[in-house]
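To start, the structure itself, in structure tokens.
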Amino acid sequence: MNLLTVDHITKVYTQRELFHDASFYLQDGEKVGIIGINGTGKSTLLKIMAGLEEPDAGNVVRANHLVIRYLPQMPDYSQPRTAVQQVLFDAPKDVGAPDEYEAKALLSQFGIDDFDADVRTLSGGQKKRVALAAALIRPVDLLMLDEPTNHIDAETIALLEGRLAKYRGALM
């Protein structure tokens with residue numbers, strides 16, 4: 001079953017065409033990586049597939065009741081929230097709300113032990129760990145991670161790889 005179908009999409013920013021007449025589909029359980037140099041439109045493509053941006057031409061068809069979780073490269077942590085509050089705020093809402101215990105357990109696995117730390121004051125790596133905890137706290141049909149290893153160390157990357165290897169939904 002196709003979870004997502006990208007049908008002849010085109011996207012242009014200013015004078016630059018990022019992609020032209022691109023088509024593909026993603027099926028349940030598939031794990032796909034998008035590889036390219038900076039500025040080639042990888043993030044834009046993910047945002048279009050997640051429904052956060054529109055293509056200039058073509059369309060994206062999502063399966064009925066598809067639950068997508070998109071983790072941007074740089075999550076917005078400008079609001080005064082603790083690490084636990086941020087995980088609970090960012091967690092997917094349509095797959096059962098997690099509780100504080102679950103948030104703390106996952107944050108601990110990702111090396112965040114100060115659950116009351118204000119996310120605005122965290123380092124880039126700590127913010128990424130909080131974002132990963134929120135993205136992984138509940139399985140969704142399609143998990144889209146935009147450069148998830150930015151700002152994290154080798155140990156955290158290994159933890160992330162292990163969790164993603166066991167992930168039940170589709171990954172991109």
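The values are calculated or read from the model by the stated rules, or taken from the named source; none is laboratory data. The structure presented is a predicted model; accordingly, all values stated were derived computationally and were not measured. Ideal geometry is used to build each Cβ from the backbone, glycine not excepted, and the neighbour counts take in all protein chains shown. Just so you know, the surface numbers come from the protein's heavy atoms only, side chains and all, with ligands and any DNA or RNA stripped out. Shrake-Rupley method; radii C 1.70, N 1.55, O 1.52, S 1.80 Å.
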- Table column - 3J(HN,Hα) (Hz), segment 15-26, Karplus curve with 6.51, -1.76, 1.60, x for Gly and Pro: 9, 9, 7, 7, 8, 9, 6, 7, 9, 5, 9, 10
- Message: Please check: in the Gaussian network model of the chain (C-alpha springs, under 10 Å), which one of Gly41, Gly51, Gly162 has the largest mean-square fluctuation.
- Response: Gly162
- Would you mind checking which residues have amide H under 5 Å from Val12's amide H? H placed 1.01 Å from N; only 5 or more apart, or other chain. Leu18, Asp56
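Which of rounded, prolate or oblate describes segment 32-162 when judged by the alpha-carbon gyration tensor and an a/c cut-off of 1.5?
Details: a/c = 1.88, a/b = 1.46, b/c = 1.28.
Note, shape of segment 32-162 comes out prolate.
Using a simple charge model, +1 on the beta-carbon of Lys and Arg, -1 on the beta-carbon of Asp and Glu, nothing else, what dipole does segment 42-133 show about its Cα centre, in debye to the nearest 20?
Numbers: 11 positive and 13 negative charges, 57 e Å.
Dipole magnitude for segment 42-133 comes out near 280 debye.
Using the crude model of +1 on Lys and Arg Cβ and -1 on Asp and Glu Cβ, and no other charge, please compute the dipole size for segment 88-160 relative to its Cα centre, in debye to 20. Mind dumping the intermediate values first?
Numbers: 7 positive and 14 negative charges, 21 e Å.
Magnitude of the dipole: close to 100 debye.
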- Item | Measure of compaction for segment 52-98 (Cα Rg per 2.2 N^0.38 Å) | 1.51
- Message: Probe radius 1.4 Å, ligands and nucleic acids ignored: give me the carbon and sulfur share of the accessible area of the chain as a rounded percent.
- Response: 50
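Based on the alpha-carbon gyration tensor of segment 92-157 and its eigenvalue square roots a ≥ b ≥ c, which shape applies: rounded if a/c is under 1.5, prolate if not and a/b is larger than b/c, or oblate? Let's see the in-between values first.
Working: a/c = 1.86, a/b = 1.19, b/c = 1.56.
Here segment 92-157 falls in the oblate category.
At most 16 other Cβ atoms within 10 Å and a DSSP loop assignment: could you name the trypsin sites (Lys or Arg not before Pro) in segment 126-166 that fit?
Details: sites: Lys127, Lys128, Arg129, Arg163, Lys166; in loops: Lys166.
Within segment 126-166, the qualifying trypsin sites (Lys or Arg not before Pro) (loop, at most 16 other Cβ atoms within 10 Å) are Lys166.
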- Query: What residue among Val130, Val12, Val140 shows peak mean-square fluctuation when the chain is described by a Gaussian network model with Cα springs under 10 Å?
  - Reply: Val12
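Counting only helical runs of four or more DSSP H residues, what would the 222 nm mean residue ellipticity of the chain come to if each run contributes -39,500 (n - 2.57) and the total is spread over all its residues?
Here the helix-only value at 222 nm equals -9000 deg cm²/dmol.
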- Message: Below 22 Å, Cα to Cα, which lysines can Lys128 reach? Residues fewer than 8 away in the same chain don't count.
- Response: Lys31, Lys42, Lys47, Lys93, Lys104, Lys166
